[in-house]
1. What are the residues in the range A:36-64 that are over 21 Å from residue B:73 (Cα atoms) and within 8 Å of DNA strand D (Cβ to nearest atom), if any?
2. Among the residues of the range B:104-135, count how many are in contact (Cβ under 8 Å) with a residue 40 or more places away in the chain and part of a helix (DSSP H, G or I).
3. In the range A:169-198, how many residues are buried (at least 19 other Cβ atoms within 10 Å of the Cβ), over 19 Å from residue A:304 (Cα atoms) and in contact with a helix residue (DSSP H, G or I) (Cβ under 6 Å, 6 or more places away or on another chain)?
4. Among A:147, A:139, which is the only one that is more than 11 Å from every other protein chain (Cβ to nearest Cβ) and modelled with pLDDT under 80?
5. Restricted to the range A:33-48, and to residues that are more than 6 Å from DNA strand C (Cβ to nearest atom) and in a loop (DSSP other than H, G, I, E, B), which residue is nearest to the other protein chains (Cβ to nearest Cβ)?
6. Please determine, by comparing only the residues of the range A:83-105 that are over 16 Å from residue B:90 (Cα atoms) and at the interface with another protein chain (Cβ under 9 Å from one of its Cβ atoms), which one is modelled with the highest pLDDT.
7. Within the range B:14-24, is even one residue more than 9 Å from DNA strand C (Cβ to nearest atom), more than 9 Å from chain A (Cβ to nearest Cβ), surrounded by fewer than 21 Cβ atoms within 10 Å (Cβ to Cβ) and touching a residue at least 24 places away in the same chain (Cβ under 8 Å)?
8. Check residue A:311 against each of (1) within 13 Å of another protein chain (Cβ to nearest Cβ); (2) farther than 19 Å from residue A:183 by Cβ and name the one condition it does not meet.
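The values are calculated or read from the model by the stated rules, or taken from the named source; none is laboratory data. All values reported here derive from a predicted model rather than from experimental measurement. Methodologically, a virtual Cβ is constructed for each residue, glycine included, from the backbone with ideal geometry; neighbour enumeration extends over all protein chains shown.
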DNA sequence: CCATGTGGTGAGAGCGCTCCCACATCCGTG
DNA sequence: CACGGATGTGGGAGCGCTCTCACCACATGG
């Protein structure tokens, strides 16, 4: 007010961040040179570089991201889009793994992770605007449903995008990381058949998610290959409660079942509860195979036989893929498919063996 | 190249976002008026407002956050700081709840959530720089340890901050949301005593976290009030594996225990495994009380008696608190403490009753 | 000897936005 | 009819940064 009023900023209480100008003055160089020294240091003399480096430390300088963003058109952040705002769904270890993995991939970069959780319909339009508005450099989309047209919209938008899970609409050149869900379902069927179960049924995932559909198709094929009847199929929502509900339907319709494949561990838990609630024993009367290899269910009780997927690795890969797309938008990237593996535990033991 | 080269942006392929100038032109008003219409619309005639609104829709205009940020000194995003980058730790439903809750609190605001997961020591300095660099308008810090001096540093920095969990250092005026952990521990002790257990021990949480310390203090007091001996205390790390390890120590040192309080459900799971592995029965020989009311452990097996905390609600409150601090930095906010409640299930059944 | 680099530098423009201020209306009141 | 006070409007500066460009020293080649 009384003086120059445009002091280095130290007196502003709220945000004492020094500007590049201040940095340059402190280092005894021009703003341009300081800027160069910060960004890679090409065409900067060793002395100038050293002076700037020292000044950075002395002043505790951090570049103003907004200002940089304004001119570079890069924001230094990517979005993780999760169209499931529900705490119940978030409990799924899948999300913890995805978040951890993507974060891991970003380590070393100075990129930050912005979490975009949007209820479908509700504020998905808002999410799309945010994504298209250039507020992030790229997006990782996860757990999408058929009705979400992320693939189409983002694919045509030009925003670098990577999917975790095979998108419904292909041909938009959007790379993705996925598990071989088909093989996973097939493995479950073959395993149940191999342990002597003959009357099989499945609690599948939501019919509007490719992961669920693929697991189901694989399951059917596996059952067929084992020479067994294609049993009943009920769809659940991947949660424990949904699995229990589906299991009630399944077992009331087909009480003779002796092997059930649930397309998620959480649903498998629900199935086990219902089976036991009906007075039948697991695995003696009914064998159960889950999907995900949820760590909590590994050792708990008798242990759940399940199909395992390297979720964290998949997320790391997705993150790295996205960074590549951002840095080189022209490059066409192939999908990365991880193999599924069966982990045998107590829930399919005994019986014929 | 050939013409003005500064076209509205539609031809830039990458990011076709129209600028405020374009918007104003389309609406037939000045840049200033358009800006006013967008931000609250004070001192804007109804006609101008309508024209701008229409143009926004027509052009699909989204304000450039970077540019706005540059002048307003507001970024429109807040950080969620989680000093635990480990997938194993992330599995804890606590984080899912926190993320969901904070996100819920942000709904309606146009704030975005930036996830900052930093390994202590490793890149916590980087995290601090990011936070202090004015890249976010505020921060929610969660699951901090005594060695993390977030409270001190952020408290003096002036960055609006809210803690989830009581911070170690008080007196920095940093508001927080917490559970009455002391009462939770006390409830666990009194319940075990009430069901006739007399030889009690506990697997406490990390000694460098206030939640763990408070639970332990409450537990000790509860044991004392019941007229029992203060039993052995072993510290775990809140994970299942950590709980199992602690339980081995606990039980090898004190094989006579008939009641154990684990400071987290995940640890309780580890304790149960070890107890059973040692040939003893839960709850007949040893009763177990957990903490968190993890949904997976509610119905699974016999059901875990536990202390419940409204994690999502707490996170929502933290988010709302933060928004208040951001909007009114002067206001002094009181901590919000939620009550703890005991949920009795199978793991403490039978015995004396 | 001048032409042509080549590494290092600084001035200046401008990214898209908000906010201050000057100005132009249109009131109601003395 | 003159005047202060609303009410609405547009021009302009400037937020902190990057990037182009002109420039200066030298070195190198003919």
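1. Residues of the range A:36-64 over 21 Å from residue B:73 (Cα atoms): A:36-58.
Across the range A:36-64, the qualifying residues are A:36, A:38, A:39.
2. Initial filter on the range B:104-135 (in contact (Cβ under 8 Å) with a residue 40 or more places away in the chain): B:104-106, B:109, B:111, B:124, B:127, B:130-131, B:134-135.
Right, trim to part of a helix (DSSP H, G or I) and you get B:104-106, B:124, B:127, B:130-131.
Counting residues in the range B:104-135 that are in contact (Cβ under 8 Å) with a residue 40 or more places away in the chain and part of a helix (DSSP H, G or I) gives 7.
3. Selection size over the range A:169-198: 4.
4. Values: A:139 fails: modelled with pLDDT under 80.
Every option except A:147 fails the conditions.
5. A:39
6. Selected residue: A:86.
7. No, the range B:14-24 has no match at all.
8. (2)
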